[in-house]
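Reviewing the structure listed below.
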Ligand code: C5P
């Protein structure tokens, strides 16, 4: 008997919405439905109108023991119109994951563009959990630039795409487009739900955003950091079950869910809060763009405008990351390096000099990635000597990858330690 996947806080089985779109492979969704139930998931099936042309809702109702949702307003015929009209919100809130198999070219396009013209596409927009898509279609439709562009959009939203297999297709062609094996899709669903709790028991201390170093009561020195990378890391770590403390410089971002935000302004304040909150930390990530210089004695009055040149003598701020490196205990220490050139050399140098386990390096100064952007292109310098260039992706997606590498690194480090 497979172990029942359980919700973290309760003993309820995890709930999965299985969306079925209208393709010839729709009949295989019944097999997937059974594979999900066998893994202990509670499954709610939602079918598009086209899917009903290929397989009857009754098949899924018999497998799941639940009413199948088939249309935007038809699902609750016995209930009042209002509950029927908002049912897609309820389904979105109650479920832990959405998997669509088969995901047709049309379904991918509708999801990518945010259309909301039936229950499944409307519920998708209201859903905030992980999404797994298993496409199936004719080879040329799969390879078409439009479908591939839509897939790029969906990947950037961190949806997991279970790639179709190569093989004989119903249309007579041979090539990619056949729905992946239902067991493979069910494994992807299980992995996606498990992966998200793999930081349970960890305490992750993250710094984010710029710091502001006052020059007088109304002016300050700062930088272009938006805080988005650090906030994405905090959101990802919290979703994966970690207790997260986010020491944040001034940013225009909402606090991520289930994250304790400690607002600070200056490098000195950030240093104080980092060391205050360091005790139980198991992973420390310094994503903040800390100002390197500050005015040690800030005048109490506004500096007057004069015709003369103004010189300010700046002192270095405390290097919090280097200090953490010098006082390193058994937490993983991850720093960032924003560089305009020689990324590999600088990242590796900082890894050594600041005694880190990982430096996340990114080239800044370009127009569309790095500071302020939702996308980023980073490379990881690891304690193991590796230098890994990650493909350009959304900051939220990169956050998960950085956390994956951190966990791998710790397993590697501790297995070496055990081997001694
Ligand atoms: O040496 P550099 O400032 O380029 O290193 C960047 C890394 O050091 C980042 O992780 C940043 O958060 C951290 N840092 C710090 N304190 C400073 C300056 C940078 O912790 N005063």
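The values are calculated or read from the model by the stated rules, or taken from the named source; none is laboratory data. The structure displayed is predicted, hence computed values, not measured ones. Because the Cβ atoms are built from the backbone with ideal geometry, glycine has one as well, and the counts that use them run over all protein chains shown.
Would you say residue 285 is within 12 Å of the ligand (Cβ to nearest atom), in contact with a strand residue (DSSP E or B) (Cβ under 8 Å, 6 or more places away or on another chain) and touching a residue at least 60 places away in the same chain (Cβ under 8 Å)?
Here the answer is yes, as residue 285 does meet what is asked.
Considering only the range 210-226, I want to know if a residue exists there that is more than 30 Å from residue 299 (Cβ to Cβ) and in contact (Cβ under 8 Å) with a residue 12 or more places away in the chain.
No, the range 210-226 contains no residue that is more than 30 Å from residue 299 (Cβ to Cβ) and in contact (Cβ under 8 Å) with a residue 12 or more places away in the chain.
I'd like the full set of residues that are touching a strand residue (DSSP E or B) at 6+ places or on another chain (Cβ under 9 Å), surrounded by fewer than 24 Cβ atoms within 10 Å (Cβ to Cβ) and in contact (Cβ under 8 Å) with a residue 40 or more places away in the chain, limited to the range 42-56.
44
Might you check whether a residue that is within 26 Å of residue 192 (Cα to Cα) and assigned by TED's automatic domain parsing to the domain that holds residue 397 occurs anywhere in the range 266-274?
no
Which condition does residue 304 not pass, out of (1) in contact with a strand residue (DSSP E or B) (Cβ under 6 Å, 6 or more places away or on another chain); (2) more than 12 Å from the ligand (Cβ to nearest atom), if it passes all the others?
(1)
Among (1) surrounded by 15 or more Cβ atoms within 10 Å (Cβ to Cβ); (2) modelled with pLDDT under 95, where does residue 164 come up short?
(2)
In the range 333-348, which residues are more than 9 Å from the ligand (Cβ to nearest atom) and farther than 21 Å from residue 224 by Cβ? Don't jump to the end; show me each part of the working.
Of all residues in the range 333-348, those more than 9 Å from the ligand (Cβ to nearest atom) come to 333, 340-345, 347-348.
Correct list: 333, 344, 345, 348.
For residue 198, work out the one condition from (1) in contact with a strand residue (DSSP E or B) (Cβ under 8 Å, 6 or more places away or on another chain); (2) at pLDDT below 95; (3) under 30 Å from residue 280 (Cβ atoms) it doesn't fulfil.
Of everything listed in (1) in contact with a strand residue (DSSP E or B) (Cβ under 8 Å, 6 or more places away or on another chain); (2) at pLDDT below 95; (3) under 30 Å from residue 280 (Cβ atoms), residue 198 misses just condition (1).
Mind listing whichever residues of the range 198-212 are out of contact with any helix residue (DSSP H, G or I) (no Cβ under 9 Å at 6 or more places or on another chain) and away from the ligand (no atom under 16 Å from the Cβ)?
200, 201, 203
Please verify whether residue 353 is within 16 Å of the ligand (Cβ to nearest atom) and either within 19 Å of residue 221 (Cβ to Cβ) or not assigned by TED's automatic domain parsing to the domain that holds residue 248 (or both), treating the condition exactly as stated.
No, not satisfied.
Residues of the range 213-262 being in contact with a helix residue (DSSP H, G or I) (Cβ under 9 Å, 6 or more places away or on another chain) and in a loop (DSSP other than H, G, I, E, B), which ones?
Within the range 213-262, 240, 242, 249, 251, 253, 254, 255, 256, 257, 258 qualify.
If you take the residues in the range 243-260 that are buried (at least 19 other Cβ atoms within 10 Å of the Cβ) and modelled with pLDDT of 95 or more, which one is farthest from residue 197 (Cα to Cα)?
Across the range 243-260, the extreme among qualifying residues is 249.
Among the listed residues 299, 318, which satisfies the condition of being closer than 19 Å to residue 209 by Cα and assigned to a loop (DSSP other than H, G, I, E, B)?
318
In the range 90-117, how many are over 21 Å from residue 163 (Cβ atoms) and either within 20 Å of the chain's Cα centre (by Cα) or surrounded by fewer than 21 Cβ atoms within 10 Å (Cβ to Cβ) (or both)?
11
Restricting to the range 84-116, count the residues that are part of a loop (DSSP other than H, G, I, E, B) and in contact (Cβ under 8 Å) with a residue 40 or more places away in the chain.
Of the range 84-116, the ones part of a loop (DSSP other than H, G, I, E, B) are 86, 95-96, 104, 114-116.
Pick out the ones that are also in contact (Cβ under 8 Å) with a residue 40 or more places away in the chain and you get 95-96, 104.
The number of residues fulfilling the criteria is 3.
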